[in-house]
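K.L.:
Dropping the structure in here first, questions after.
The values are calculated or read from the model by the stated rules, or taken from the named source; none is laboratory data. A quick note: this is a predicted structure, and the numbers were derived from the prediction, not measured. When we count neighbours, we look across all protein chains shown, and the Cβ atoms used for this are built from the backbone with ideal geometry, even at glycine. These accessible areas exclude ligands, DNA and RNA; they are computed on the full protein's heavy atoms, side chains included. Shrake-Rupley method; radii C 1.70, N 1.55, O 1.52, S 1.80 Å.
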Amino acid sequence: MITILDYGAGNVRSVINAIEKLGASVKIVKSGQDILSAQKLVFPGVGAFGSMMEILAQKELIVPLKAYLEENRPFLGICLGLQALFNGSDEAPDIPGLGFLPGKVKRFETDLSVPHIGWNGILCCQSSVLWHGLEGNEKFYFVHSYHAVPDMNDAILCTTDYDVSFTSGIQKGNIMAVQFHPEKSGQTGLRVLDNFIKMHEQPAMPVQSFKKTRLSKRIIACLDVRANDQGDLVVTKGDQYDVREKGNVRNLGKPVALARRYYEAGADEITFLNITGFRDFPLEDMPMIEVLKQTSQNVFVPLTIGGGIRDYTDAKGQFYQAIDVASAYFRSGADKISIGSDAVDIVAEYLQTGQKTGTSAIETIARIYGNQAVVISIDPRRVYVSTPESVPHQVISTRQTGPNGENYCWYQCTVKGGREGRNVDAITLAQVCEKLGAGEILLNCIDRDGTNSGFDIELIHSVRSAVSIPVIASSGAGCPEHFLEVFSQTKAESALAAGIFHRNEVPIEDVKRFLADQVEIREIGGKS
Ligand code: 1PR
């Protein structure tokens, strides 16, 4: 029996699913007594350090947790569950941590994008029961802006490089914790969890070791989901956002089955976009929640979901906040949510007032679930202009000239799946969203969507250069070479595709095989 400390913020369902998949039963902590009577305790910390410690205090879980740790009983902390063990964090300087290990948690200071999101390796410093069956060259999924800095080295279990070398695992007796997410790290992660469940008598040491670890570029499969005219939830795909062919919604498969296929093929992440979320409010349109629940039972890589995340009043006058929708998604297995239309309205308002309200969906969700959980999905369209001064927007010079020979363009943000344009450009949108607390940008391009003509490199380069959070390049992938192009000509951290994967024109395996010697990627076939 594995006891899980779920304090109610973020995706604990994936940890439960992973442990159950491994054949163990799970008990959720309801009170401090459940901690004291646990045989093995897993603490999957998610969200923000301050709110985590406050919730633990409100629920009177801090004293029993400290007692459990002091008794040296089997403990596995994950992500914030590692950070909580230290004295405190720069993320919430006034709120103490558990103080089990001396040291602090600090924000990454680097020119690389923060959060550190994606698949990176580990350098093992100590043998551990967690390492059974690992070769040492595996990659794990990380997502965090802060990292532990122990005062003493003796508890460091492993380190990872992200510009600096940081502590990615600690071990003191039976107390173990990892900064990465084993429940999101495919087969390798499941092995680490299984090792904790089994608690072999002897520790193990992986045979190989990297000299330095490197963050991989991520390949993301995207599933645009909506109900077709018969009312079935299907994966669809548009050409420049038009998903109808001869009047019918294109049906490219079932969401849960396709997501599983992509996971098994080596996708580093899966994104679901509920593309009619702007009119079908997700809390009334429960199938998407069901899709997430079912997917997270068998897919152990990160899941992002977008569509309809905004404040909403239903026909009976009941008011829902965007965070209610996000919370329902996180509880159902999402690791990140993505906000599209609402982000454009939030930014338009910010540009008028110059003030943060503190109440926007971006701010409220980031405050509770952490910046890394908030992705902004941008649906821009090129607008050509003859001079940079002719519009009050961030204009770029383009090599792809306009219909009247224009050498400049700006990227107009749209809402409602491209149906309406707004007076906001994509570069400004990304910058303001970063300021408001977004952790990642999913950068689509309506002109390229479904064309197989390659990513819009100029757009991606301009947006990525303007922000310090990771950018997912999206729209237009037609062959493996397009992925190489986007990774070599821009600093995008990941690239997303839909049509070529759905139609099996270019399987994910082929993209990864092609990139293998040219770009740092997570290998498929055995590892991770
Ligand atoms: O506005 O917060 O409700 O979110 C709605 C979400 O649905 C947004 O993220 C928006 O991008 C998405 N969406 C809305 N309508 C469409 C549509 O296609 N009609 N899909 C749509 C956007 C774009 C990409 C696509 C890539 C790669 N899909 O996600 O997967 O362009 O495609 P490709 O590789 O085939 O070129 P809200």
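K.L.:
Where the eigenvalues come from the Cα gyration tensor of the range 166-247, what are the semi-axes √(5λ) of the equivalent ellipsoid, largest first, in whole Å?
P.N.:
Equivalent-ellipsoid dimensions as semi-axes: 44, 17, 10 Å.
K.L.:
Quick check: pseudo-label points 7 Å beyond the Cα along Cα→Cβ at T401 and T313, how many nm apart are they?
P.N.:
It works out to 5.3 nm between the two label points.
K.L.:
Oh, and also: Give the accessible area for L36 in Å² (nearest 10); use a 1.4 Å probe, count only protein heavy atoms, and leave out ligands, DNA and RNA.
P.N.:
L36 exposes around 70 Å² with every protein chain in place.
K.L.:
A follow-up question, please. Per residue of the range 428-441, what does 6.51 cos²θ - 1.76 cosθ + 1.60 with θ = phi - 60° give for ³J(HN,Hα)? Whole Hz please, x for Gly and Pro, Karplus curve as stated.
P.N.:
Calculated HN-Hα couplings, in order: 4, 4, 4, 5, 5, 4, 4, 4, 7, x, 5, x, 6, 10 Hz.
K.L.:
If packing is taken as the average count of other Cβ atoms within 10 Å, what order do 386-394, 228-236, 328-336, 451-459 fall into, highest mean first?
P.N.:
328-336, 451-459, 228-236, 386-394
K.L.:
Using only the alpha-carbon atoms of the range 218-326 as identical scatterers, what base-10 log of I(q)/I(0) does the Debye formula give at q = 0.15, 0.20 Å⁻¹?
P.N.:
-0.66, -1.07
K.L.:
Between Q230 and N153, what is the FRET efficiency for a Förster distance of 51 Å, r being their Cβ-Cβ separation, to the nearest 0.05?
P.N.:
In this case the efficiency is close to 0.25.
K.L.:
Further question on the same structure: Treating the angle as unsigned and between 0 and 90°, give the value, to the nearest 10°, between the Cα long axis of helix 186-198 and the longest Cα principal axis of the chain.
P.N.:
For 186-198 against the chain, the angle is about 20 degrees.
K.L.:
Continuing with the same structure: Give, to the nearest whole percent, the P(r) tail of the range 18-162 beyond 22 angstrom, counting all Cα pairs.
P.N.:
Above the 22 Å cut-off, the range 18-162 has 44 percent of its Cα pairs.
K.L.:
Please work out, to two decimal places, the log10 of the ratio I(q)/I(0) at q = 0.05, 0.07, 0.10, 0.13 Å⁻¹ from a Debye calculation in which every Cα of the chain carries one identical scatterer.
P.N.:
For the chain at q = 0.05, 0.07, 0.10, 0.13 Å⁻¹, log10 I(q)/I(0) is -0.19, -0.37, -0.76, -1.30.
K.L.:
Right, next: Within the range 330-356, find all residues whose amide N lies under 20 Å from a label point positioned 7 Å from the Cα of N423 along Cα-to-beta-carbon.
P.N.:
341-356
K.L.:
Please work out the Cα center distance from the range 444-501 to the range 64-140, rounded to the nearest Å.
P.N.:
Distance between centres, Cα-based: 33 Å.
K.L.:
I've got another one for you. Mean shadow of the range 202-280, computed from the convex hull of its alpha carbons, in nm²?
P.N.:
Averaging across all directions leaves 9.3 nm² for the Cα convex hull.
K.L.:
Here's a follow-up. Would you calculate the separation in nanometres between label points at S37 and D517, each defined as 7 Å from the Cα along the Cα-to-beta-carbon direction?
P.N.:
The two pseudo-label positions are separated by 6.0 nm.
K.L.:
For the range 125-187, which semi-axes, largest first and in whole Å, follow from the square roots of 5 times the eigenvalues of its Cα gyration tensor?
P.N.:
For the range 125-187, the ellipsoid semi-axes come out as 17, 16, 11 Å.
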